[in-house]
1. Would you mind counting up the charge near LYS89? Only other residues with Cβ under 15 Å from its Cβ, with Lys and Arg at +1 and Asp and Glu at -1.
2. Excluding the sites themselves, what is the longest stretch of the chain that contains no trypsin sites (Lys or Arg not before Pro) in a DSSP loop with at most 11 other C-beta atoms within 10 Å?
3. Run down the lysines and flag those whose C-alpha is under 17 Å from the C-alpha of LYS25, throwing out any fewer than 8 positions away in its chain.
4. Roughly what angle does helix 127-141 make with the longest principal axis of the chain, taking Cα atoms, 0 to 90 degrees, to the nearest 10?
5. Tell me what the chain gives for mean residue ellipticity at 222 nm when only DSSP H runs of n ≥ 4 count, each as -39,500 (n - 2.57), the sum divided by the residue total, rounded to 500 deg cm²/dmol.
6. Which of the listed residues, MET1, VAL19, VAL84, is farthest toward the dipole's positive end in the chain, when Lys, Arg count +1 and Asp, Glu count -1 at the beta-carbon?
7. Calculate the length of the line joining the C-alpha centroid of region 1-27 to that of region 108-130, in whole Å.
8. Label points 7 Å out from Cα along the Cβ direction at ARG118 and THR39: separation in nm?
Amino acid sequence: MSEAIKQAKKCLYIDEVPVGAVVVKDGKIIGRGHNLRETLKDATAHAEIIAIKEACKTLGGWRLIDCEVYVTLEPCVMCAGALVNSRIKRLVFGAYDKRFGACGTLYNIACDERLNHRIEVIGGVLEKECAALLSDFFKKKRGL
């Protein structure tokens, strides 16, 4: 999770919402990402999507079997779907997302038995640190 937090902190220098993600296989990071929606003017440029794309490129295929994703914020619907579609084994996230969380809070796409793949989900890892990154960012944005 500390590596995902490092990715999230990169966002603070480029005025992006501080969310970071890493994909790990056999104890090695094979994909990294942080939010780039504003920078790239791309609604899909979430940390998880960027990390998944890099991991797929590293492995030379779209199936991320036996991989884990560490992300500082509970994934949204789009990212949860991408995690399921890429066959991620385990998701570990920091802060819960009461507005958009799709891995247990609002929806539970990662564990939906109607889908052909389910992901082990562990939430709340370094939750306070991950949540503080976000709340501090938005306080600063709002001038509080």
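What follows is calculated from the coordinates using simple rules that are stated; it is not laboratory data. Everything numeric here is computed off the predicted structure, so don't read it as measured data. Cβ: placed from backbone, ideal geometry, glycine included. Neighbour counts: every protein chain shown.
1. Details: positive: LYS25, LYS28, ARG63, ARG87, ARG90, ARG118; negative: ASP26, GLU48, ASP66, GLU68, GLU120.
That works out to +1.
2. On the way: sites that count: LYS41, LYS98, ARG99, ARG114, ARG142.
With trypsin sites (Lys or Arg not before Pro) excluded where exposed in loops, the chain gives 42-97 as its longest stretch.
3. LYS53, LYS57, LYS89
4. It is inclined by approximately 40 degrees.
5. Working: 5 runs with 50 residues, N = 144.
Roughly -10000 deg cm²/dmol at 222 nm, from the helical runs in the chain.
6. VAL19
7. Between the Cα centre of region 1-27 and that of region 108-130, the gap is 18 Å.
8. 3.7 nm
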